[in-house]
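First up is the structure itself, then whatever we jot down about it.
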């Protein structure tokens, strides 16, 4: 707790310009050649009101690479670091990735465009996580320097679909199946009602 409050005494900039956020998110959708730094000091960036935009190479996203059928373009990111009115160090922005996933119907690869909104609070003390506003997700760091690529990878993994399917018209797994209505089965009670019983 002491470490957290000591950090919050640093000079920071309050986010008041929402238009800047929208511009920053739009930037994440544009092609970037510059790689996003892997190791950053989040508290310093928040105090500076810094904005980072760039790409995350797949070589630093091993877990995400194992979860997809194939990799294509690098992940694009646009992130704004700032201090909100309550003194929280916030990272807000957008992540975009084009993935190749396996359709669970036809088992062929399909293109899936994945987007994730980032709303993190940088936190040093795990005991404070339960008290964070619901609009924020915790980015718990152990030391001043943190692995930004790992945090981005975790966010994208959480945003991935549980299962992926082609659109019906594009799915080879649906081509051999009839879309006609299945014949209705006779109701068991109606059958019993129609039967006649006789006593010997």
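Here are the numbers for the structure shown:
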quantity	calculated
Residues located in segment 48-73, provided they are in a helix (DSSP H, G or I) and surrounded by 19 or more Cβ atoms within 10 Å (Cβ to Cβ)	60, 64
Number of the condition not met by residue 112 [criteria: (1) more than 14 Å from residue 159 (Cα to Cα); (2) over 12 Å from the mean Cα position of the chain (by Cα)]	(1)
Odd one out for residue 173 among (1) surrounded by 13 or more Cβ atoms within 10 Å (Cβ to Cβ); (2) at pLDDT below 70; (3) not in a helix (DSSP H, G or I)	(3)
Hits in segment 103-141 (condition: at pLDDT 90 or above, in contact with a strand residue (DSSP E or B) (Cβ under 7 Å, 6 or more places away or on another chain) and in a loop (DSSP other than H, G, I, E, B))	132, 135, 136, 141
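The values are calculated or read from the model by the stated rules, or taken from the named source; none is laboratory data. Because the structure is predicted, anything quoted here is derived from the model rather than measured. Positions of Cβ are backbone-derived with ideal geometry, glycine not excepted, and every protein chain shown enters the neighbour counts.
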